[in-house]
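Take a look at the structure set out below.
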Amino acid sequence: MCPDHVHIELINHDIHRLICMINNFILLCLFIVIRSARTVFSRLNITHMPSFIDATETGDVKLLDGKLEIHSAVSNATHTIQVFTEMKPEAIKWGSAGADYVVESTGVFTKMEKAKAHLAGGAKKVVISAPSEDAPMLVMGVNHTTYDPKNYTIVSNASCTTNGLAPLAKVIHDNFGIIEGLMTTVHATTATQKTVDGPSGKHWRDGRGAQQNIIPASTGAAKAVGKVIPALNGKLTGMAFRVPTPDVSVVDLTCRLEKPATYDQIKETLKKASQSPEWRGIIGYTDEEVVSTDFIGDSHSSIFDANAGISLNPNFVKLVSWYDNEYGYSHRVVDLITYMHQRDTSA
């Protein structure tokens, strides 16, 4: 992990290098992957904002000749951001905008063959903000150091749930060994769900209204952990419950341990991990009586809830960890691009 000031310096220097694709409109992104309409500037962490943006600042934003013109009433400075409205990625002239890194967050171009269309427009690297069948999958704090600057032009940042589960699983496996485990994520509503009951081409209950139901659903997040932590490949699987809340999800990891441990020992191990340089900003820890809304705006990948887990015996435990599936994940995308940029420029 990089200190926050590095993020600021990178983004201020290369403001045109972070790109976001939303629906069919491709926008130059200031610093964060805007994955839902809930995200507003007042909720953003200033440590990840360009210096000319102040969440409390007033000013004018205009669309002029295909560019967003941002004028600050405080500093009297004007900045421009190029905007594209292309349906096909290959038609976007990323090179002319000075964009080296493209964040593919439409959820459509998740395979390498489709995602590489961004390279035709002049982009140098593509980060897919979703799981990918064939792109190298990188999770910050877990396996991001396997990034190969010379051979990786397209990578996946995995899913928000994989980012929430993998750090927890890695700490537990490294310290106690995981024989096998089942994961359940209680997941907030996403944009792919229906507002009211309707048809679904895959599973009938996927078409039920998101705000009226708790919906069991499939997820590949647990199996994906096996891709970023090879030692756990084939040892984890899981499922999801989609619940009618707008943000923040929680992962439940129930697993058998190789090395016996009391629940207090597990808590202490995760607390130390959260305070270590290796996991700082990735793993959080709380022993307070919290609920989901307490984690809105938390930038950690996974926040272990010490009071929510239980132990049946020294070899069988249930661990609970929260994550802001929008805000926290978006920070990891920025962190990954920052890391890639550092490796690319030093290679």
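Taking interchain pairs and intrachain pairs at least six residues apart, which have beta carbon atoms under 6 angstrom, with the first residue in the range 174-197 and in the same structural domain as L236 (by TED's automatic domain parsing) and within 30 Å of K259 (Cβ to Cβ) and the second small (G, A, S) and at pLDDT below 95?
M183/A222
Quick one: which residue in K88, K124, K93 is charged (D, E, K, R), touching a Gly at 6+ places or on another chain (Cβ under 8 Å) and not assigned by TED's automatic domain parsing to the domain that holds G164?
K93
Given the structure, is T192 in a loop (DSSP other than H, G, I, E, B), of a type in the set (V, I, T), closer than 22 Å to E104 by Cβ and in contact with a helix residue (DSSP H, G or I) (Cβ under 9 Å, 6 or more places away or on another chain)?
Considered against the rule, which asks whether it is in a loop (DSSP other than H, G, I, E, B), of a type in the set (V, I, T), closer than 22 Å to E104 by Cβ and in contact with a helix residue (DSSP H, G or I) (Cβ under 9 Å, 6 or more places away or on another chain), T192 comes out as yes.
Filter the range 107-124 for residues that are surrounded by fewer than 21 Cβ atoms within 10 Å (Cβ to Cβ) and on the phi < 0 side of the Ramachandran plot and give the result.
Correct list: V108, T110, K111, M112, E113, K114, K116, A117, L119, A120, K124.
Looking only at the range 80-95, which residues are surrounded by 15 or more Cβ atoms within 10 Å (Cβ to Cβ) and touching a residue at least 60 places away in the same chain (Cβ under 8 Å)?
Listed by number, the residues that qualify are I81, Q82, P89, I92, W94.
Let me spell it out: the conditions are (1) closer than 15 Å to L253 by Cβ; (2) surrounded by fewer than 24 Cβ atoms within 10 Å (Cβ to Cβ); (3) under 18 Å from the mean Cα position of the chain (by Cα); (4) among the aliphatic types (A, V, I, L, M), and A169 meets all of them except one. Which number is the exception?
With respect to (1) closer than 15 Å to L253 by Cβ; (2) surrounded by fewer than 24 Cβ atoms within 10 Å (Cβ to Cβ); (3) under 18 Å from the mean Cα position of the chain (by Cα); (4) among the aliphatic types (A, V, I, L, M), A169 is out only on (2).
Answer with yes or no whether G297 is touching a residue at least 12 places away in the same chain (Cβ under 8 Å), within 30 Å of E258 (Cα to Cα), surrounded by fewer than 22 Cβ atoms within 10 Å (Cβ to Cβ) and not aliphatic (A, V, I, L, M).
When the stated conditions are applied, G297 does not pass them.
So, in the range 59-90, of the ones that are among the acidic types (D, E) and in a strand (DSSP E or B), which residue ends up nearest to the chain's Cα centre (by Cα)?
Only one residue fits best here, namely E69.
I want to confirm something. Restricting to the range 145-178 and keeping residues that are small (G, A, S) and assigned to a helix (DSSP H, G or I), which single residue is farthest from P230 (Cα to Cα)?
Ranking the candidates gives G164 first.
Which of (1) assigned to a helix (DSSP H, G or I); (2) without any contact (Cβ under 8 Å) to a residue 12 or more places away in the chain; (3) not basic (K, R) does S330 not meet, given it meets every other one?
Evaluating S330 over (1) assigned to a helix (DSSP H, G or I); (2) without any contact (Cβ under 8 Å) to a residue 12 or more places away in the chain; (3) not basic (K, R) leaves (2) as the failure.
Residues of the range 178-216 being of a type in the set (G, A, S) and surrounded by fewer than 16 Cβ atoms within 10 Å (Cβ to Cβ), which ones?
A191, G198, S200, G201, G209
Going through the range 293-307 one residue at a time, which ones are in contact with a strand residue (DSSP E or B) (Cβ under 7 Å, 6 or more places away or on another chain) and among the hydroxyl-bearing types (S, T, Y)?
Within the range 293-307, S301, S302 qualify.
Restricted to the range 247-271, and to residues that are more than 20 Å from the chain's Cα centre (by Cα) and hydroxyl-bearing (S, T, Y), which residue is nearest to P314 (Cα to Cα)?
By that ranking, first place goes to T262.
Kindly provide the set of residues from the range 253-276 that are among the polar types (S, T, N, Q) and assigned to a strand (DSSP E or B), ordered by number.
Answer for the range 253-276, where residues must be among the polar types (S, T, N, Q) and assigned to a strand (DSSP E or B): just T254.
Return the total of residues in the range 316-326 being touching a Phe, Trp or Tyr at 6+ places or on another chain (Cβ under 9 Å) and buried (at least 24 other Cβ atoms within 10 Å of the Cβ).
Summing the residues that are touching a Phe, Trp or Tyr at 6+ places or on another chain (Cβ under 9 Å) and buried (at least 24 other Cβ atoms within 10 Å of the Cβ) in the range 316-326 gives 5.
Assess whether E104 counts as being among the charged types (D, E, K, R) and surrounded by 24 or more Cβ atoms within 10 Å (Cβ to Cβ).
yes
Scan (1) more than 21 Å from S299 (Cα to Cα); (2) out of contact with any strand residue (DSSP E or B) (no Cβ under 6 Å at 6 or more places or on another chain); (3) of a type outside the set (V, I, T); (4) surrounded by 18 or more Cβ atoms within 10 Å (Cβ to Cβ) for the single condition G234 breaks and write down its number.
(4)
Of all the residues that make up the range 91-117, how many are under 23 Å from M137 (Cα atoms) and either at pLDDT below 90 or outside any strand (DSSP E or B) (or both)?
Qualifying residue count, the range 91-117: 15.
Being more than 23 Å from the chain's Cα centre (by Cα), of a type outside the set (K, R) and surrounded by fewer than 24 Cβ atoms within 10 Å (Cβ to Cβ) narrows it down to one residue among S292, S274, S311; which is it?
S311
If I go through the range 217-231 residue by residue, how many of them are in a strand (DSSP E or B) and either in contact (Cβ under 8 Å) with a residue 24 or more places away in the chain or buried (at least 22 other Cβ atoms within 10 Å of the Cβ) (or both)?
1
The values are calculated or read from the model by the stated rules, or taken from the named source; none is laboratory data. Since the model is a prediction, treat every value here as computed from it, not as a measurement. In this analysis, Cβ positions are derived from the backbone assuming ideal geometry, glycine residues included, and neighbour counts consider all displayed protein chains.
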